[in-house]
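Some notes on the structure that comes next.
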Amino acid sequence: MTTSRKRFTAPQRLLHWLMAICILSMLFIGVGMVSTVTSKYLTLVQIHKPLGIAILVLALIRLSLRFVFHAPALPADMPEPMKLAAELSQYVLYALMIGMPLIGWGMLSAASYPVVLFGSVHLPSILPVSPSLHTLLWHAHYYLAFAFFATILMHVAAILFHKLIRNDGVFETMAPMLPQDKSE
Amino acid sequence: MPQSPLLLKKISIARLAIIAAVVGVVAVAFAYTAGWLSSNRLTPKKLVASLAPPRGPALGHRRNHAKGICFTGTFEANGNGSELSKAQVFMPGQYPVVGRFNLATADPNAADAMVRVRGLGIRITPPNGQEWRSAMIDAPIFPVSTVQGFYDLQMASASKQPDAMKKVIAAHPEFLTFVSWAKSAPWTSSYAEERYNSLNSFLFIDGSGAKHTIRWSLIPAAQPVAISPDELAKRGPDFLEKEITQRVAAGPQRWSLMVTVANPGDPAADPSKAWPADRRTVNVGTLTVQQIEQEADGPCRDINYDPTVLPAGITTSDDPFPSARSAAYSRSYNSRTAEEKYYPRNATGAKQ
């Protein structure tokens, strides 16, 4: 589904960049927290949980906006394999943005941990307590985090390729602002 | 302006190098954050591994305090704690408890008389769902003052170097205070006769937002009766579990939860240092143990007694241990739940 617009709408662009910061932070927080026993551990865990839920909410809003506004078409002269990779990566990224927080939430539930967001605000358990379920979800959360990070690196490399090598306008579809914005 | 193909090619290579550099820098930053570039970082993995006996951990079991038995009961708050903390768990009322008596050993089959330190894990669930979990031990102080020190102590005690322990003790003279407790404190023949201490300090936050640095202890109603380790050994390797099962079947066992409030300047960040005996204490309620259940299918089996699971009204203090314990307990929990098949459970599964 594409639109004749040359760029994503302003709310879509805002969400993209906001979530880019959140998700990259989240991945760094995740690998950082499990690597330390200092007081940073607790601080990072306390950020990880509410930030994960925030990403889930933002991802759902973003998916809705995508259904309403669609995405600008990829350049007609892009090779088919690149187009395929671009489209597949969108599916992968949406699946991870929505899946990872749900897996994390389910993992905590299966381990009988309270899911504390902040202060007295906590979320209900979404799964029964089960060591096998916990193990499955914990492994998924762990390995998918690295897959998520690898996908983001490829996403960054690809968009820089579009900008610096092909200069085909794909970067501009999501750029926060453009030089000609002033004249629009 | 026409450009030569050669120049275009050079520009492209330079730009590809920029792309590779950007991706590379982010990847290296990630690797650094994950600790892959810092072999000296004390990770939860290392800390938990240091607890394992030479032949490796007991698969499917807690990595420390591996031998234990579940109980259920209640915590009845008398309301006195509300002056110090706004947590619902201190408002007058009776709240369900799932707990675990345990021995501080990595071996789930250790004989009772071989383990000096005994512990109690507790989860109190008030109606608002804001749980309070705690894992306490009967020692009045922790062996060392820092997390790194604890790790060094584990490594030294497993080391074959003859002077390994000497070095750690030289760096951590506070360990001798613990040793003197371990040598001189009387043993008892019952989990019910032990006093269990938080050791770590926490902050209670009252209704006005004021913070109070506190520690707590569970004081047994049962009178402790001293017994020598030899005498205890004669009663059998699992006497403590049999004794507490019979004792609770005969009648519920009780402890008073005593909260001790620090004075300014008391060593709140060092669990190896006791606070002076004259500090203000508040009796905030009574723990009643009503039923004992074997761990294999008991309600405590799948609970991680992570001491940082706290309700609003209690937070961690500048004591560095709860954070380290939380990180290590989580690692232990992830490992043991993934080793489910090695754990001697019944097909029916644990009660919840």
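A compact table of results
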{"quantity": "Only one of B:Val97, B:Val89 that is among the hydrophobic types (A, V, I, L, M, F, W, C) and within 24 Å of B:Ala210 (Cα to Cα)", "calculated": "B:Val89"}
{"quantity": "From the options A:Arg62, A:Arg7, residue that is charged (D, E, K, R), surrounded by fewer than 18 Cβ atoms within 10 Å (Cβ to Cβ) and outside any strand (DSSP E or B)", "calculated": "A:Arg7"}
{"quantity": "Subset of the stretch A:131-151 (residues that are crowded, with 19+ Cβ neighbours inside 10 Å, facing chain B (nearest Cβ under 9 Å) and under 16 Å from A:Leu102 (Cβ atoms))", "calculated": "A:His134, A:Trp138"}
{"quantity": "Where a residue in the stretch A:50-61 is touching a residue at least 60 places away in the same chain (Cβ under 8 Å) and its partner, wherever it lies, is crowded, with 18+ Cβ neighbours inside 10 Å, with Cβ under 8 Å and at least six apart", "calculated": "A:Ile53/A:Pro101; A:Ile53/A:Trp105"}
{"quantity": "Selection status of B:Gln290, more than 30 Å from A:Leu123 (Cβ to Cβ), in contact with a strand residue (DSSP E or B) (Cβ under 6 Å, 6 or more places away or on another chain) and at pLDDT 95 or above", "calculated": "yes"}
{"quantity": "Qualifying residue in the stretch B:44-51 (condition: out of contact with any Pro (no Cβ under 8 Å at 6 or more places or on another chain), within 10 Å of chain A (Cβ to nearest Cβ), without any contact (Cβ under 8 Å) to a residue 40 or more places away in the chain and surrounded by fewer than 23 Cβ atoms within 10 Å (Cβ to Cβ))", "calculated": "no"}
{"quantity": "Filter result for B:Val28 (within 24 Å of A:Leu160 (Cα to Cα), within 10 Å of chain A (Cβ to nearest Cβ) and more than 29 Å from the chain's Cα centre (by Cα))", "calculated": "no"}
{"quantity": "Candidate set from the stretch B:229-253 (those that are assigned to a helix (DSSP H, G or I) and of a type in the set (Lys, Arg)); member that is farthest from B:Gly68 (Cα to Cα)", "calculated": "B:Lys234"}
{"quantity": "Single match in A:Met154, A:Met177 (criterion: more than 9 Å from chain B (Cβ to nearest Cβ), surrounded by fewer than 17 Cβ atoms within 10 Å (Cβ to Cβ) and under 22 Å from A:Ile23 (Cα atoms))", "calculated": "A:Met177"}
{"quantity": "Positions within the stretch B:292-317 being touching a residue at least 60 places away in the same chain (Cβ under 8 Å) and acidic (Asp, Glu), in sequence order", "calculated": "B:Glu293, B:Glu295, B:Asp306"}
{"quantity": "Residues of the stretch B:100-116 satisfying the condition of being away from chain A (no Cβ under 14 Å) and either in contact with a His (Cβ under 9 Å, 6 or more places away or on another chain) or under 16 Å from B:Thr72 (Cα atoms) (or both)", "calculated": "B:Phe101, B:Asn102, B:Leu103, B:Ala104, B:Thr105, B:Ala106, B:Asp107, B:Pro108"}
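The values are calculated or read from the model by the stated rules, or taken from the named source; none is laboratory data. Given the structure is predicted, the values throughout are model-derived calculations rather than measurements. Glycine also receives a Cβ, built like all others from the backbone with ideal geometry; neighbour counts cover every protein chain displayed.
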